[in-house]
Amino acid sequence: MQRRDFLKKMAGTAAVTVVGSCLMSCQKLNASGKSESGRPNIVIVLTDDQGYADLGCYGAEGFETPNIDGMAEEGMRFTDFHVTACVCSPSRAALLTGCYPERVGIPNVLAPQGIDWAADVWNTGLNKDEETLAELLKSRGYATACIGKWHLGHLPEFLPTRHGFDEYFGLPYSNDMSPDPNNNSKPAARQYPPLPLIEDTEVIETEPDQSQLTTRYTEKALDFVDRNKKQPFFLYLAHTMPHVPLYVSEKFKGKSEKGLYGDVIMEIDWSVGQVLSKLNELGLDEKTLVIFTSDNGPWLKFGNHAGSAKPLRAGKATTFDGGHREPCVMRWPGKIPEGEKCNELCASIDILPTVVKLTGAKMPVRHIDGKDIWPLISGRPGAKTPHKVFYHYRRNELQAVRSGKWKLVLPHTSTVVVDPGKDGEGGKTEYPHIKLSLYNLEKDISEQNNVAEKHPDVVKKLLKYAQKGREDLGDSLTNTEGKNVREPGRVVIHPSGQ
């Protein structure tokens, strides 16, 4: 009934399509969590640089997200959901492989050739030997599509169609990686090649109109669902927005009180509504798990063009929770309890093993780090986080260790925005040294009260976890080489450039 009231409230809202009422499914899950009726559809909607507080159900101010809030009313909202990196490429590698990005050799942001600072990463991508969620589901007969931002290698050898996706439409990396997206001068080292829009493996446009990207991605997503309604499918819809530079279509321009950033989020919410509406129209609601989250926290140096991580500390490019803890909503009528909230720690690396179990696919041959969190998602009484320890890396640096309510921040150099920018211009940042700090996140979610001196036993315990993490995954701060890390994919470039 809540959903029907919501629909009445939203009826007539300009440019927004909402989902029709849904009947609860009588389908049941067996003890393993697998649907008795077969293979559920999987939809993952991933945004770029969206903050923890950038949804209505997480306290957003100045704009509304009725469709995603509706997902939360019909499903579960997670308050302690983490990504494994505070920047794009590593976070996406983790989501699709179920591994810490350091394990699969993608600890840094990847970039196209032609710029000085990217000389060591432009020919790098996700290794073909890593088994992605798309490959695992494809082996179970799923149709698979990646729509939107990829950022796991832009060369043909690394594109989504080489990693289990039947179809691809989108940008191979971030939307600011173009010659001059804001019409402002840049140093020569930041002069990117023209931004390509790719379909499958072919560049179909350069420097596409970014104000139309969210709409075009959505249209492609709806078409994919339409064409595959009679078989199980996996849709990975990875929006370019709200990464700067921000762009929005005319139908949402000026709609929010928060300006362009709010407009952009409202258009993403519209896109989610379109996908949910299509599922409802085709009678697929009760056969589809939909997950909404973001790749990392807000890029705070862009001021009014950045989101908010409140009440968390800091944002993108830091290992404080503002960089790693993300909004996450999951919906599957009849399988996920309505209107519930999960306060247990879980992570993007957990999506792969959880979906694999639900669909009856086989787990990757190589070691992964994610855990099955279906007991949490399904609201099983007494379910707890499966993570005894969780690591926060920045590049190859182990900067924090989480265990239960405790978070130990290790000595490192961080990033602090001291003078935010405005209207697309980056502001001033400083790079302070952070000392060893211990935070009780149950009492201090904002990581402001260092209690290390009061709990030396906890510090000692988490330092032991840190050492195990270094030995396993490596740590450039202590010059430790990880024993169980794997190589990324690399393309050998000959002197001729061929």
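Structural remarks
- Of the residues making up the stretch 143-158, just one is touching a Lys or Arg at 6+ places or on another chain (Cβ under 7 Å) and under 19 Å from ALA361 (Cα atoms), namely THR144.
- Residue in the stretch 109-126 that is closer than 27 Å to VAL272 by Cβ, at pLDDT 95 or above and touching a strand residue (DSSP E or B) at 6+ places or on another chain (Cβ under 9 Å) present: yes
- Unmet requirement for SER89, which otherwise passes all of (1) in contact with a Lys or Arg (Cβ under 9 Å, 6 or more places away or on another chain); (2) assigned to a helix (DSSP H, G or I); (3) of a type outside the set (A, V, I, L, M, F, W, C): (1)
- Restricting attention to the stretch 179-197, the residues that are more than 21 Å from the chain's Cα centre (by Cα) and either under 24 Å from VAL492 (Cα atoms) or at pLDDT 95 or above (or both) total 8.
- Filtering the stretch 195-218 to residues that are under 26 Å from LEU276 (Cα atoms) and either surrounded by 15 or more Cβ atoms within 10 Å (Cβ to Cβ) or touching a helix residue (DSSP H, G or I) at 6+ places or on another chain (Cβ under 8 Å) (or both) leaves LEU197, ILE198, ASP200, GLN210, SER211, LEU213, THR214, THR215, ARG216, TYR217, THR218.
- Test result for LEU438, closer than 30 Å to THR97 by Cβ, touching a strand residue (DSSP E or B) at 6+ places or on another chain (Cβ under 6 Å) and either surrounded by fewer than 17 Cβ atoms within 10 Å (Cβ to Cβ) or aliphatic (A, V, I, L, M) (or both): no
- Every pair of residues 6+ apart whose Cβ atoms lie under 9 Å, when the first sits in the stretch 349-364 and is assigned by TED's automatic domain parsing to the domain that holds LEU235 and surrounded by 22 or more Cβ atoms within 10 Å (Cβ to Cβ) while the second is among the polar types (S, T, N, Q) and assigned to a helix (DSSP H, G or I): ILE349/THR97; LEU352/THR97
- With respect to the conditions (1) surrounded by fewer than 16 Cβ atoms within 10 Å (Cβ to Cβ); (2) more than 21 Å from GLY98 (Cβ to Cβ), GLU397 lacks only one, and its number is (1).
- Residue that is in contact with a Gly (Cβ under 6 Å, 6 or more places away or on another chain), surrounded by 21 or more Cβ atoms within 10 Å (Cβ to Cβ) and more than 23 Å from PHE224 (Cβ to Cβ), where the choices are GLY370, GLY303: GLY370
- Residue within the stretch 29-44 that is assigned to a loop (DSSP other than H, G, I, E, B), touching a His at 6+ places or on another chain (Cβ under 9 Å), at pLDDT 95 or above and crowded, with 17+ Cβ neighbours inside 10 Å present: no
- All of (1) under 27 Å from THR480 (Cα atoms); (2) in the same structural domain as GLU131 (by TED's automatic domain parsing) hold for LEU436 with one exception: (2).
- Among the numbered conditions (1) assigned to a helix (DSSP H, G or I); (2) farther than 21 Å from PHE233 by Cβ, the only one that LEU136 does not meet is (2).
- Contacts under 6 angstrom Cβ, first residue in the stretch 367-385 being assigned by TED's automatic domain parsing to the domain that holds THR354, partner aromatic (Phe, Trp, Tyr), 6 or more apart: ASP369/TYR100
- Pair list, Cβ < 6 Å and 6+ apart or interchain, from the stretch 403-418 residues that are surrounded by fewer than 22 Cβ atoms within 10 Å (Cβ to Cβ) to residues that are β-branched (Val, Ile, Thr) and not in a strand (DSSP E or B): SER403/VAL389; TRP406/VAL458; SER414/THR318; THR415/THR318
- As a summary of the residue check, LYS251 satisfies the conditions (1) modelled with pLDDT of 95 or more; (2) of a type outside the set (S, T, N, Q); (3) over 24 Å from the mean Cα position of the chain (by Cα); (4) buried (at least 17 other Cβ atoms within 10 Å of the Cβ) except for the one numbered (4).
- The requirement of being more than 16 Å from PHE292 (Cα to Cα) and modelled with pLDDT of 50 or more is satisfied by GLY105.
- In the stretch 139-172, of all residues being among the hydrophobic types (A, V, I, L, M, F, W, C) and in a loop (DSSP other than H, G, I, E, B), the one that is farthest from ASP223 (Cα to Cα) corresponds to LEU155.
- Hits in the stretch 256-269 (condition: of a type in the set (Ser, Thr, Tyr) and assigned to a loop (DSSP other than H, G, I, E, B)): SER256
- The residues of the stretch 270-324 that are outside any helix (DSSP H, G or I) and without any contact (Cβ under 8 Å) to a residue 60 or more places away in the chain, listed by number, are LEU282, GLY283.
- Count of residues meeting criterion [out of contact with any helix residue (DSSP H, G or I) (no Cβ under 8 Å at 6 or more places or on another chain) and assigned to a loop (DSSP other than H, G, I, E, B)] in the stretch 336-359: 3
The values are calculated or read from the model by the stated rules, or taken from the named source; none is laboratory data. Since the structure is predicted, the reported quantities are computational estimates derived from the model, not experimental observations. Here Cβ is always computed from backbone atoms with ideal geometry, including for glycine, and neighbour counts include all displayed protein chains.
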